[in-house]
1. Only residues that are open to solvent by less than 70 Å² (accessible area, probe 1.4 Å) and touching a strand residue (DSSP E or B) at 6+ places or on another chain (Cβ under 7 Å): list them for the stretch 44-68, please.
2. Please indicate, with yes or no, whether at least one residue in the stretch 50-65 is free of Cβ contacts under 8 Å to residues at least 60 places away in the same chain, at negative phi, in a helix (DSSP H, G or I) and touching a Leu at 6+ places or on another chain (Cβ under 8 Å).
3. Only residues in the stretch 10-29 that are more than 15 Å from residue 53 (Cα to Cα) and of a type outside the set (A, V, I, L, M, F, W, C) count as the first member; pair them with residues that are at pLDDT below 80 and surrounded by 10 or more Cβ atoms within 10 Å (Cβ to Cβ), Cβ under 9 angstrom, at least 6 apart or cross-chain, and list the lot.
4. Specify the residue that is least open to solvent (accessible area, probe 1.4 Å); the eligible residues are those in the stretch 11-38 that are of a type in the set (Lys, Arg) and at pLDDT 85 or above.
5. Just need a number here: residues in the stretch 28-68 that are farther than 17 Å from residue 14 by Cβ, under 13 Å from the mean Cα position of the chain (by Cα) and β-branched (Val, Ile, Thr).
6. Given (1) modelled with pLDDT of 85 or more; (2) surrounded by 10 or more Cβ atoms within 10 Å (Cβ to Cβ), where does residue 41 come up short, assuming only one miss?
Amino acid sequence: MMNIPKMVMILGVVIFVIGFAMKYIHLGRLPGDIFLKKGNTTFYFPIVTSIIVSVVLSAIFYLIGRFK
């Protein structure tokens, strides 16, 4: 029960760092992302970006679980 405040603070720092990094690393609009524009309507589905983020997060969580 004592670790919850520490975990929340760490999570906040991680979210802050990710948000700061996303300002300088433009991950969206990769080749393979679906972008449709017809008239006044725009549809954007970042499929390749989602796959890359999923692979990176899976590797991070695998490493965290392995060394825990």
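The values are calculated or read from the model by the stated rules, or taken from the named source; none is laboratory data. The structure displayed is predicted, hence computed values, not measured ones. Positions of Cβ are generated from backbone atoms using ideal geometry, with glycine treated the same way; all protein chains shown enter the neighbour counts. Surface areas here come from the heavy atoms of the whole protein model, side chains and all, with no ligands, DNA or RNA. Shrake-Rupley method; radii C 1.70, N 1.55, O 1.52, S 1.80 Å.
1. Matches in the stretch 44-68: 47 only.
2. yes
3. Close Cβ pairs satisfying both conditions: none exist.
4. That would be 37.
5. 6
6. Failed condition: (2).
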